[in-house]
1. With the requirement that a residue be among the aliphatic types (A, V, I, L, M) and within 20 Å of THR136 (Cβ to Cβ), what does segment 67-118 give you?
2. What about GLY145, is it closer than 29 Å to TYR244 by Cα and surrounded by fewer than 23 Cβ atoms within 10 Å (Cβ to Cβ)?
3. Can you run down the residue pairs with Cβ atoms below 8 Å, 6 or more apart or on separate chains, where the first is in segment 384-408 and of a type in the set (S, T, N, Q) and the partner is in a strand (DSSP E or B) and open to solvent by 10 Å² or more (accessible area, probe 1.4 Å)?
4. Could you tell me whether any residue of segment 191-210 is part of a loop (DSSP other than H, G, I, E, B), open to solvent by less than 10 Å² (accessible area, probe 1.4 Å) and in contact (Cβ under 8 Å) with a residue 12 or more places away in the chain?
5. Among the numbered conditions (1) acidic (Asp, Glu); (2) open to solvent by less than 10 Å² (accessible area, probe 1.4 Å); (3) in contact with a Ser or Thr (Cβ under 8 Å, 6 or more places away or on another chain), tell me where GLU103 comes up short.
6. Name every residue in segment 269-296 that is open to solvent by less than 10 Å² (accessible area, probe 1.4 Å) and in a loop (DSSP other than H, G, I, E, B), in order of residue number.
7. Test of understanding: among GLY335, GLY384, GLY351, which residue is of a type outside the set (S, T, N, Q), closer than 26 Å to ASP117 by Cβ and surrounded by fewer than 20 Cβ atoms within 10 Å (Cβ to Cβ)?
8. For residues in segment 249-260 being open to solvent by 70 Å² or more (accessible area, probe 1.4 Å) and in contact (Cβ under 8 Å) with a residue 12 or more places away in the chain, which is farthest from LEU163 (Cα to Cα)?
Amino acid sequence: MSEKIFSRAAGTEAKANDFVLADIDYAMAHDGTSILAVNAFKEMGMKEVWDSSRIVIPFDHIAPANNETSATLQKEIREWVKEQGIPNFYEIGEGICHQVLPENGFALPGKLVVGADSHSCTYGAFGAFATGVGATDMAEIFATGKLWFKVPESLRFTVEGRLGEGVYAKDLTLYLIGKTGIDGATYKAVEFYGSSISELSVSGRMTLCNMAIEMGAKTGIVPPDEKIFNFLNNRAVAPYEPVYADHDAVYAEELTYSADDIEPQVACPHQVDNVKPVGEVEGIHVDQVFIGTCTNGRLEDLEIAASILKGKKVAVRTVVIPASRTTLLAAIENGTMETLLKAGVTLATPGCGPCLGAHQGVLGEGEVCISTANRNFKGRMGKGGFIYLASPATAAASALSGEITDPRKI
């Protein structure tokens, strides 16, 4: 799939390990990286972006601003966006970039979508080649609409079977990362196949592709199907042509897994591939629960958490942050948010929140958090904190007990 997408974007046949200069379909930089990209853009002597309609700027990482420095940097970007006439600007509260782009139809099958954020690989859930780049690379894109790439080799992961009760896309994702390792797919494009993948919802596929970077991959891609086409109906900002691998495509490696025996999974501090079945870590005390992020802050995730918390009260502080304003409104309309609030959770502005350790739930020295985020590195949510990664179900179950809990017992 990657070779075909790059062949189109570069206008020449592209094979694994080739170097190509490719046309970018859509480029994204958020409040945390856009200021660096814009400064580099100006240092290059550029005055005007290549195509303002193909640039997307969401404010999500520190939204609202947490101090005067952040506020000033955001002010500078607002002025630049206005100066460049960029229509696709999303203010604080609209949500996380990796939720905002798909919701607004920029993540499209067969397209090359690049973001100045490592979890831009999320858009591979829609059959795009999507990856993260540095801020100076993004400046080059702003200026020319092009960027060079080394076409990655591809891995084929096939997952057959059905996920059991209390087991979700996040558990499958953590399981695969645990098997692959944090560097097992370095600079590879991981294609996901099998009945288990087909059964995943759009949200579940986004969770899967979101964390491809956590096994070192350049991107993760799910072949688009009717679920994706239906999601994009009346949403896609441009025509698109789905891309599929040939039946005789050659992969660097092909791996097959069974979903039937996967239990709820937990990634333990301080590495994402330090994954264990929940039964091996049950009973570990937690000080905070965090449900949200670009990995698991969608409506489906909030509904899963609400189904566990309904009619009960959380035992520890529990921060819930919807991935977008659209998600929050839907959760209000169907009663999910009322259920969560009655259970005692703290609701924060749609955005990244404490995931990057900036605000809205940073950990204190020695505190433990079970989180639905994608990273548990030392210092990620506070320099002295300990982060366990899990599904919204496991996080919600743990919120009720104040210790890591198997959601199948609730």
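1. Of segment 67-118, the ones among the aliphatic types (A, V, I, L, M) are 71, 73, 77, 81, 86, 92, 96, 100-101, 107-108, 112-114, 116.
Hits for segment 67-118 are LEU73, ILE77, VAL81, ILE86, LEU112, VAL113, VAL114, ALA116.
2. On the way: closer than 29 Å to TYR244 by Cα: yes; surrounded by fewer than 23 Cβ atoms within 10 Å (Cβ to Cβ): yes.
Yes: the conditions hold for GLY145.
3. Close Cβ pairs satisfying both conditions: SER391/GLN265.
4. First, the residues of segment 191-210 that are part of a loop (DSSP other than H, G, I, E, B): 194, 200-201.
Remaining after also requiring open to solvent by less than 10 Å² (accessible area, probe 1.4 Å): none.
Looking through segment 191-210, none of the residues is part of a loop (DSSP other than H, G, I, E, B), open to solvent by less than 10 Å² (accessible area, probe 1.4 Å) and in contact (Cβ under 8 Å) with a residue 12 or more places away in the chain.
5. (2)
6. Step one: list which residues in segment 269-296 are open to solvent by less than 10 Å² (accessible area, probe 1.4 Å), which gives 272, 278, 281, 286, 288-293, 295-296.
Answer for segment 269-296, where residues must be open to solvent by less than 10 Å² (accessible area, probe 1.4 Å) and in a loop (DSSP other than H, G, I, E, B): VAL272, VAL281, VAL286, GLY292.
7. On the way: GLY335 fails: closer than 26 Å to ASP117 by Cβ; GLY351 fails: surrounded by fewer than 20 Cβ atoms within 10 Å (Cβ to Cβ).
None of the others qualify; the one that does is GLY384.
8. Residues of segment 249-260 open to solvent by 70 Å² or more (accessible area, probe 1.4 Å): 250, 253-254, 256, 260.
Next, from what is left, pick out any that are in contact (Cβ under 8 Å) with a residue 12 or more places away in the chain: 253-254, 256, 260.
On the way: GLU253: 24, GLU254: 21, THR256: 15, ASP260: 6 Å.
Across segment 249-260, the extreme among qualifying residues is GLU253.
The values are calculated or read from the model by the stated rules, or taken from the named source; none is laboratory data. In this text the structure is predicted, and so the values were computed from the model without any measurement. Because the Cβ atoms are built from the backbone with ideal geometry, glycine has one as well, and the counts that use them run over all protein chains shown. Areas reflect the complete protein model, heavy atoms only, side chains present, ligands, DNA and RNA absent. Shrake-Rupley method; radii C 1.70, N 1.55, O 1.52, S 1.80 Å.
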